[in-house]
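Bear in mind that the values in this text are calculations on the coordinates, not laboratory data. Quick caveat: nothing in here was measured; it's all calculated off a predicted structure. Reconstructed Cβ throughout: ideal geometry from the backbone, glycine too, with neighbour counts over all protein chains shown.
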Amino acid sequence: MLELFATRKPAQANQVTGHWRAVRICLDLATQEWLNVGVVLRTSGGETHHRLLTNFAGFRCIYDDDAADAARFLLDQAEFAIEAEKPFPTGWNVSFGPEKFVRGNTIDSILTGLFSRLVPLGRHQLDPSARIDREDHPHATQNVRVEVRKLLTKHLQIAKSAAPEFWYARPVPMHRDGAVIKMDVQIVANNTHGIVHGAIASAWYKTSYHRSASLNQAVNAVTTACEAFPGSQNVLYILRPPEKVSSLSDSDYEAIDLDIESSRWLLQKHGAELKIAKEVPDIARTILEDLELMPDVH
């Protein structure tokens, strides 16, 4: 049974006390198959802290890609509700487990301990810094896209559980020349000059295999947009790691820059643009500038 028996020991003045609950998800309510995907801690001082699953590869193994995407979307909404201290809707696919008392030395140690015991699918994400080519690394392409979307949502001041109307989490089907093509672009919008198509990718990978997969997919999306809409503004936004990241060597940086320049050459041949940023907020800011929306992103 998952319990912390700290109450059996004399309380220390600097210890944290509170109540925790598991965050659970059920993708198909008819099955009532609930999986733990996080923990929420409410301290005796009234503060709320949480730790949630960020890598959904396990859902792909158990179910499929669509299920993993659905889990990511649901947990993203749940996170906003937790941060706003709003209750989950009745009968929703995400729910809380029973509330239980806990005492520990620090908030972080409590969350880490509970998460590692309650969320088997998330054990490998406890130290993502050493796993630079894993999907759960914060600078992996999918996670960069999620963070960019969150920044755009925040600075456009729309409902936190919604995405901007120009944002597409899945490939966009387009009818051209009697055929239906799918463009894996995240941005489809209009500015005063016409249509803007934009894809987001990360070059922050150590191995050539993962980096090439990330960049090639995004380059293909933008060049497809160029072929389908030659008069539009087609842009690839790339996250390049800043200098002196401890997990990257000089040769890694050289390989990253070479891959980026190869992408630039191909994009220019198709009349597309490449815009490079070293921080995720810079990507969001550039997108807003390109769409002529212009709020200040920090």
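Considering only 273, 85, 261, the Gaussian network model of the chain with Cα springs below 10 Å gives its largest mean-square fluctuation to 85. Taking 276, 181, 287 in turn, the Gaussian network model of the chain (Cα-Cα springs below 10 Å) assigns the largest fluctuation to 181. When +1 charges are put on Lys and Arg Cβ atoms and -1 charges on Asp and Glu Cβ atoms, the dipole computed for the chain relative to its Cα centre reaches about 1000 debye. Counting neighbouring beta carbons within 10 Å and listing from fewest to most, the residues 188, 148 come out as 188, 148. Within the listed set 82, 62, 283, the Gaussian network model of the chain (springs between alpha-carbon atoms below 10 Å) gives the highest mean-square fluctuation for 62. Here the Karplus relation 6.51 cos²θ - 1.76 cosθ + 1.60, evaluated at θ = phi - 60°, turns the backbone of segment 72-89 into coupling constants of 4, 5, 5, 6, 4, 5, 4, 4, 4, 5, 5, 5, 8, 6, 9, x, 6, x Hz, with x for every Gly and Pro.
In this Cβ point-charge picture (+1 for Lys and Arg, -1 for Asp and Glu), segment 50-128 has a dipole of about 400 debye about its Cα centre.
Ordering 251, 214 from the fewest to the most neighbouring beta carbons within 10 Å gives 251, 214. Placing unit charges on the Cβ atoms only, positive for Lys and Arg and negative for Asp and Glu, gives segment 141-290 a dipole magnitude near 500 debye about its Cα centre.
Only one item in (i) 146; (ii) 154; (iii) 163 matches volume of the Cα convex hull per residue in Å³ derived from the coordinates shown, and that item is (iii). Phi angles across segment 100-111 convert, under the Karplus curve 6.51 cos²θ - 1.76 cosθ + 1.60 with θ = phi - 60°, into 3J(HN,Hα) values of 9, 6, 8, 9, x, 6, 9, 4, 5, 5, 5, 4 Hz, Gly and Pro given as x. Normalising the average separation of contacting C-alpha pairs (under 8 angstrom, six or more residues apart) by the number of residues puts the relative contact order of the chain at 14 percent. For the chain, the mean residue ellipticity at 222 nm estimated from helices alone is -11500 deg cm²/dmol, where every DSSP H run of n ≥ 4 contributes -39500 (n - 2.57) and the total is divided by all residues, rounded to the nearest 500.
Residues 61, 26 in ascending order of nearby Cβ atoms (within 10 Å, fewest first): 61, 26.
Candidates 57, 81, 281 compared by Cα position along the dipole of the chain: farthest toward the positive end lies 81, with charges placed on Cβ.
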